[in-house]
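The values are calculated or read from the model by the stated rules, or taken from the named source; none is laboratory data. These numbers come from a predicted model, not from an experiment. We place every Cβ from the backbone using ideal geometry, glycine too, and count neighbours over all the protein chains shown. Note: areas computed on protein heavy atoms with side chains; ligands, DNA, RNA excluded. Shrake-Rupley method; radii C 1.70, N 1.55, O 1.52, S 1.80 Å.
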Amino acid sequence: MAGVESKLRYRDARNGDVDTLAELVVRLKRLNEEFDSMLTVRDDIKVVSRSYISSAVKDKNCIVIVAEYKGKVVGLLKADLRERRFSQPMREGRIIEFYIMPEYRKHGSGTEMLHHAIEKMKHMGVQMISAEFPSQNKISVQFYAKQGFRPITNIHSKLL
Amino acid sequence: MPKKNEKTEELYKLAVRYSKFYGGKISVTPSVPVRSLDDFSIWYTPGVAAVSRAIEKKHELSFELTSRWNTIAIVSDGTRVLGLGNVGPEAAMPVMEGKAMIFKYLGGVNAVPLTVNVHDQQGIFNTVSALEPAFGGFNLEDIESPKCFYLLDNLRKSLKVPVWHDDQQGTAGATLAGLLSSMRMTGRKPSQTKVVFLGTGAANVATARILSVAGFDIGNIVMVDSKGVLNPDRDDMDELMLHNPWKYDLAIKTNGERIKGSLKDALKGADAMVAASGPGPNRFPKEFIKGMNKDAIVFLLANPVPEIWPWEAKAMGAKIVATGRSDFPNQVNNSIIFPALFRGALDSRASTITDEMIVAASSEIAKYAYEKGSTEEHIIPTMKEWEVYPNVAAAVARKAVEQKIAKHSMSAKKFHDNAERIIEGSRMTLSALIKSRLIKMPPQ
């Protein structure tokens, strides 16, 4: 049976990955949608995801990392590099997109990928790391708590 | 099939009429003699206080000094009753009464129907947990999926008495029995048999899990639902992860070849098909069967009408065809499993019903069929072959002993004879009541 025989490999995203990465972004946004109706995806999600990830791959102010299994892209982590205006430390890396295909989850792949990204950002001078995800996503809450993250800002929303 | 419908209509009418005549199907009868009212001071106060005190000191004694050893509850919230759907707890009662009657008649088990007005999974969990002191086991019935998966998994872990969900395990056990028997007839081994499931409801999800315990290669199992072949690249995987982790788990573990597409693609080169999807006929094009391997085994378990008619499956090359109906050959019926399985679990005082105990029951049924001379039209015993029940009870009880989850240990022969005595006693009691006209014949 198919399964994870060797660990995933992690590398920087390339232009050639854009189509697959756009699909992963769509999957992530649809997953987020499950947690809250205010995260309902827009009808043109595929188009916007593609243009979003295609510019992110070239953008110096963010990093995009892919997870590969036997040459196939199965995961994505995108983080923005930000300057904090009022607080210190000032250089923050904020994880905005983080998705691994279902089959390749567990086996520590999420932790591995996160650490890969953190190492990379450290080298780039990042001093603190944050992650954005839906409040109701208990799986993410637990994952980041285990990695030593704690909530520092709440964003509360309501429809008008 | 107008004839069949007429027959069903007639049965509907009779069932309502008789239910009214008898005022339901079960009652509670004392199991002790009352020679005079003086006996009450033994069975009730003051005598009973000593029994109470004994149990207070040692709770285990409730299995010896009260009827708990042979009494289970049938719990339903009425959300998925037969093919009727969510009819509610009151309307579920006649079905649960019927189940209790079968438990008693075929397994000698006292089963108390409890239809509850609680519908959230935590609420049902709490209700069943609260009832534990009164019962030797629980049969969950007609509770919708995926709530039923949660309840079975969590109650099994938390209670110290067996918990069973017949729609999952009973169907899985009966299906496995039929498969094992058919495979023996067609010269197949579990480890090399490719099985396709159509439908991913409670029954098929449970059957796929049981098959992997019974020596089938889970990678050789392919599941198909209304969206096509289940595989880990499907768009709905994250939704399943959050709302139906049992199906999600199967999506990752099954389908080693990573087949994508439709039922037709899945059936190519398959040895067996288990359909439990939705009422037929013409649920899928019968020609799909042609793509299966030689001597294909096809189970069409939808009720009241199988996914396609059995003769159509045969015409397309299926060697063995089974359905859920009693008026066609090879009825895959839970009633062949649950009465005996509970008999064995109760007699061995098993703390739970393991998947291995279910496999033991199925294997015993397949063995019985083989020894009696199974044919393509008779792959599993019917309820009339009631001597199979003590055999199954003994196989289940011995498995519990082997797995060290039984409080009572006896030889297979003793378990068998004990089960036979109890089941026979139950049938004899009923026939004595009928003979003495305490239970009247139905009105004409």
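For the stretch B:373-398, name all the residues that are part of a helix (DSSP H, G or I) and either among the aromatic types (F, W, Y) or farther than 13 Å from B:R343 by Cα (or both). Break it down stepwise before answering.
Step one: of the stretch B:373-398, the residues part of a helix (DSSP H, G or I) are B:388-398.
Residue satisfying the conditions is B:Y389 alone.
Exactly one of (1) under 26 Å from B:R209 (Cβ atoms); (2) in contact with a strand residue (DSSP E or B) (Cβ under 9 Å, 6 or more places away or on another chain) is unmet by B:K407. Its number?
The single condition B:K407 does not satisfy is (1).
Would you please list the contacts, defined by Cβ atoms under 7 Å and residues six or more apart or on different chains, that run from a residue in the stretch A:27-53 that is within 12 Å of chain B (Cβ to nearest Cβ) and polar (S, T, N, Q) to a residue that is part of a helix (DSSP H, G or I) and surrounded by 13 or more Cβ atoms within 10 Å (Cβ to Cβ)?
So the pair list comes out as A:N32/A:L39.
Could you list, in sequence order, the residues of the stretch B:336-355 that are open to solvent by 10 Å² or more (accessible area, probe 1.4 Å), closer than 18 Å to B:Q168 by Cβ and in contact (Cβ under 8 Å) with a residue 60 or more places away in the chain?
B:T352, B:D355
Tally the residues that are outside any helix (DSSP H, G or I) and surrounded by fewer than 16 Cβ atoms within 10 Å (Cβ to Cβ), restricting the search to the stretch A:5-33. Can you show your working first?
Just the residues of the stretch A:5-33 that are outside any helix (DSSP H, G or I), to begin with: A:5-14.
With the extra rule that they be surrounded by fewer than 16 Cβ atoms within 10 Å (Cβ to Cβ), the set shrinks to A:5-7, A:9, A:11-12, A:14.
So the count comes out to 7.
Evaluate the following for A:K7: is it touching a His at 6+ places or on another chain (Cβ under 9 Å) and either free of Cβ contacts under 8 Å to residues at least 60 places away in the same chain or away from chain B (no Cβ under 14 Å) (or both)? Please lay out each step first, then the result.
Working: touching a His at 6+ places or on another chain (Cβ under 9 Å): yes; either free of Cβ contacts under 8 Å to residues at least 60 places away in the same chain or away from chain B (no Cβ under 14 Å) (or both): yes.
It is true that A:K7 is touching a His at 6+ places or on another chain (Cβ under 9 Å) and either free of Cβ contacts under 8 Å to residues at least 60 places away in the same chain or away from chain B (no Cβ under 14 Å) (or both).
Would you please name the residue that is farthest from the other protein chains (Cβ to nearest Cβ), looking only at residues in the stretch B:223-247 that are open to solvent by 20 Å² or more (accessible area, probe 1.4 Å), closer than 21 Å to A:V26 by Cα and of a type in the set (D, E, K, R)?
B:K227
Each row is one residue, and each column tells you yes or no for (1) more than 13 Å from B:D347 (Cβ to Cβ); (2) exposed (fewer than 11 other Cβ atoms within 10 Å of the Cβ); (3) in the same structural domain as B:M383 (by TED's automatic domain parsing).
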{"position": "B:Q403", "(1), (2), (3)": "yes, no, yes"}
{"position": "B:A406", "(1), (2), (3)": "no, no, yes"}
{"position": "B:S411", "(1), (2), (3)": "no, no, yes"}
{"position": "B:K414", "(1), (2), (3)": "no, no, yes"}
{"position": "B:N418", "(1), (2), (3)": "no, no, yes"}
{"position": "B:R421", "(1), (2), (3)": "no, no, yes"}
{"position": "B:E424", "(1), (2), (3)": "yes, no, yes"}
{"position": "B:T429", "(1), (2), (3)": "yes, no, yes"}
{"position": "B:P442", "(1), (2), (3)": "yes, yes, no"}
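Quick one: in the stretch A:78-121, which of the residues that are more than 19 Å from A:V141 (Cβ to Cβ) and acidic (D, E) is surrounded by the fewest Cβ atoms within 10 Å (Cβ to Cβ)?
A:E83
Residue by residue, here is whether (1) of a type outside the set (A, V, I, L, M); (2) in contact with a Phe, Trp or Tyr (Cβ under 8 Å, 6 or more places away or on another chain) holds:
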{"position": "B:P162", "(1), (2)": "yes, yes"}
{"position": "B:D166", "(1), (2)": "yes, yes"}
{"position": "B:T175", "(1), (2)": "yes, yes"}
{"position": "B:T186", "(1), (2)": "yes, no"}
{"position": "B:A202", "(1), (2)": "no, yes"}
{"position": "B:A206", "(1), (2)": "no, no"}
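Can you tell me which residue is farthest from A:L24 (Cα to Cα) among those in the stretch A:65-77 that are part of a strand (DSSP E or B) and open to solvent by 10 Å² or more (accessible area, probe 1.4 Å)?
First, pick out the residues of the stretch A:65-77 that are part of a strand (DSSP E or B): A:65-69, A:72-77.
In the following step, the residues that additionally are open to solvent by 10 Å² or more (accessible area, probe 1.4 Å) were identified as A:68-69, A:72-73.
On the way: A:E68: 13, A:Y69: 15, A:K72: 13, A:V73: 9 Å.
Result: A:Y69.
Would you be able to say whether some residue in the stretch B:205-222 is under 23 Å from B:P279 (Cβ atoms), open to solvent by 10 Å² or more (accessible area, probe 1.4 Å), of a type outside the set (V, I, T) and within 14 Å of another protein chain (Cβ to nearest Cβ)?
no
Tell me whether the stretch B:51-64 contains one or more residues that are crowded, with 16+ Cβ neighbours inside 10 Å, assigned to a helix (DSSP H, G or I) and touching a residue at least 60 places away in the same chain (Cβ under 8 Å).
Looking for residues that are crowded, with 16+ Cβ neighbours inside 10 Å, assigned to a helix (DSSP H, G or I) and touching a residue at least 60 places away in the same chain (Cβ under 8 Å), one finds at least one in the stretch B:51-64, hence yes.
Which count do you get for residues in the stretch B:248-271 that are within 12 Å of another protein chain (Cβ to nearest Cβ), open to solvent by 10 Å² or more (accessible area, probe 1.4 Å) and assigned to a helix (DSSP H, G or I)?
Number satisfying all stated conditions: 4.
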